[in-house]
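Worksheet: the structure to be examined is printed underneath.
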Amino acid sequence: MASNEKIWIIGGSSGIGEAMAKAYAARGALVVISGRNQDALDAALTRIGPGHHAVVADAIDRNSLVEAASQHGPFDRIVSTAAIYNPGALSKADPDEAAKVFEVNLTGTFNVAQIGAQHIRYGGQLVLFGSAAAIFGLPNGQVYSATKAGIVNLAQSLRSELWPQVDVRLVTPGFVRTPLTDKNDFAMPGLMEPAEAADRILKGLDGKGFETAFPRRLIWPLKLLGVLPHWLAFAITARMRG
């Protein structure tokens, strides 16, 4: 599919963000990637191809986001994939590390959404990333999961608040092989490669649905827990405590 879109991907130097940048570039879009590390951005840019741009910007540094948006915008799509992850049970999380995860994942996404919305062409997309981990709270859940649940609520709120000026979308991926999931020491059902995830995401964003969620074999059982009576859902999840 040909495209003359301009797309900004925050967190585009690795993982799903880089895979999406490659996919959009392959169909003719002008891609701008941003992140905190110049060397990582430059390396990703060589893999994405010529004619695209990389800019150092930190999701928790509002001034850097404003500068990047002012320099390269307006955009047809802004995609916020930046996140950090420290696996481990919520009850055992280090408070300082937990605060950092909340700051980067939740406050960072808020910053991107608030600032980015001002630099999107009319009807363009603002794409926020939730997670399958955000669908229903499970035993030994993580701080990461809680931040992603907050992002889901933020995306739902902004969908109504900004439409039709901005088309807010939510991506709910399952397990994708990235530097984040490399930290996991447990079996990850439905684990897929970033390129396959990017293909599914782009198809979803080309459609009209608010949420792009995959894979179904992981997503739908979790969504089912959310619609069951609480007593039944908690009876099921209690068996997962180990």
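Read-outs throughout are calculated quantities, based only on the coordinates presented, and are distinct from any laboratory measurement. Everything numeric in this text was worked out from a predicted model, so none of it was measured. Glycine also receives a Cβ, built like all others from the backbone with ideal geometry; neighbour counts cover every protein chain displayed.
With a/c under 1.5 counting as rounded, go ahead and sort segment 6-238 into rounded, prolate or oblate using the C-alpha gyration tensor (a ≥ b ≥ c being the square roots of the eigenvalues; past the cut-off, prolate if a/b is larger than b/c, else oblate). Walk me through the intermediate numbers first.
Numbers: a/c = 1.60, a/b = 1.49, b/c = 1.07.
In terms of gyration-tensor shape, prolate.
Do you know the relative contact order of the chain, to the nearest whole percent, from alpha carbon pairs under 8 angstrom that are 6+ apart? If you can, show how the numbers build up before the last one.
Working: 444 pairs, mean separation 43.4, N = 242.
Across the chain, relative contact order equals 18 percent.
List Met20, Met188, Met240 from most exposed to least, where exposure is judged by having the fewest other Cβ atoms within 10 Å.
Values: Met20 29, Met188 13, Met240 9.
Least to most surrounded, the residues fall as Met240, Met188, Met20.
If amide hydrogens are placed 1.01 Å from N in the peptide plane, which non-local residues have theirs closer than 5 Å to the one on Ile9?
Correct list: Val32, Ile33, Ser34, Val79.
Among Trp163, Trp8, which comes first, then next, by fewest other beta-carbon atoms within 10 Å?
Least to most surrounded, the residues fall as Trp163, Trp8.
Straight-line reach from Lys92: which lysines have a Cα under 30 Å away, not including same-chain ones fewer than 8 places off?
Within the straight-line limit of under 30 Å, Lys92 reaches these lysines: Lys100, Lys148, Lys183, Lys223.
Taking θ = phi - 60°, what integer Hz values does the Karplus form 6.51 cos²θ - 1.76 cosθ + 1.60 yield along segment 22-30, in sequence order, with x for Gly and Pro?
4, 5, 5, 4, 5, 9, x, 6, 8
What 222 nm value per residue comes from the helices of the chain, counting each DSSP H run with n ≥ 4 as -39,500 (n - 2.57) and dividing by all residues, nearest 500 deg cm²/dmol?
That calculation yields -13000 deg cm²/dmol at 222 nm.
Pull out a ≥ b ≥ c, the square roots of the eigenvalues of the alpha-carbon gyration tensor of segment 1-136, then state rounded if a/c is under 1.5, prolate if not and a/b is larger than b/c, and oblate in the remaining case.
prolate
Measuring from centroid to centroid over Cα atoms, what is the spacing of segment 27-80 and segment 194-208 in Å?
If we compute the Cα centre of each part, the gap is 20 Å.
Only four residue types carry charge here, +1 at the Cβ of Lys and Arg and -1 at the Cβ of Asp and Glu. Report the dipole size of segment 6-238 about the Cα centre in Debye, rounded to the nearest 20.
Working: 21 positive and 20 negative charges, 147 e Å.
In total the dipole reaches around 700 debye.
What is the order of Lys223, Lys183, fewest Cβ neighbours within 10 Å to most?
Exposure proxy ranking, most exposed first: Lys183, Lys223.
Please turn the phi angles of segment 154-162 into ³J(HN,Hα) values with the Karplus equation 6.51 cos²θ - 1.76 cosθ + 1.60 (θ = phi - 60°), one per residue in order, whole Hz, x for glycine and proline.
4, 5, 4, 5, 5, 4, 6, 5, 9
When the chain is treated as a GNM, springs tying every alpha-carbon pair under 10 Å, which of Asp39, Asp182, Asp199 comes out with the largest mean-square fluctuation?
Asp182
Of the listed peptides 137-149, 76-88, what is their order by residue-averaged count of other C-beta atoms within 10 Å, with the highest listed first?
Details: 137-149: 19.5, 76-88: 22.2.
The peptides rank, most packed first, as 76-88, 137-149.
For Gln125, which sequence-distant residues (separation of 5 or more, or a different chain) have an amide H within less than 5 Å of its own amide H, given hydrogens modelled in the peptide plane?
Those lying under 5 Å, H to H, from Gln125 are Arg77, Ile78, Asp167.
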